[in-house]
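Down below is the structure, laid out as structure tokens.
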Amino acid sequence: MSLHIDSVYQQNILPKDCAICGRTTGSRRPVRFILMDDDNQLGDVCERCAYGSTDLWRVAMLEYAIRMETHAAVLRSMAASLDDAQPAPEGIAEELIQANMNNRSGFPGRRFGS
């Protein structure tokens, strides 16, 4: 895990909430600051937090760790609920295909509802 800030030039920036402090990320300069974890975008960051002190980063890392622990707990509970699940009955895909054969709106080259 390596948290870092990427700055990207964008002509039209939509203001969002800062991923660290919650303030708006809009500024006069057309530069967008993005909080990254390796290759994953975690959110936009305001200019104050992008150039901020280590205390801001310490809080951001603690909150990020809490979010990751929560995400891991959700994934563990999903895996536990899947262990008790029964497999889908065989032939269910064929039945769904047959039931949707009369729906022509999904075919390419045809108008919706024709």
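The values are calculated or read from the model by the stated rules, or taken from the named source; none is laboratory data. No experiment lies behind these values; they were computed from the predicted model shown. Because the Cβ atoms are built from the backbone with ideal geometry, glycine has one as well, and the counts that use them run over all protein chains shown.
Here is how the numbers come out for the structure above:
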| item | result |
| --- | --- |
| Scan of the range 32-57 for residues that are farther than 13 Å from C21 by Cβ and surrounded by fewer than 14 Cβ atoms within 10 Å (Cβ to Cβ), ordered by number | D37, D38, D39, N40, Q41, T54 |
| Every residue from the range 1-52 that is assigned to a strand (DSSP E or B) and modelled with pLDDT under 80 | L3 |
| Criterion (at pLDDT 65 or above and farther than 16 Å from C18 by Cα) met by exactly one of E63, E95 | E95 |
| Filter result (out of contact with any Leu (no Cβ under 8 Å at 6 or more places or on another chain) and without any contact (Cβ under 8 Å) to a residue 24 or more places away in the chain) within the range 27-51 | S27, R28, R29, P30, D39, N40, E47, Y51 |
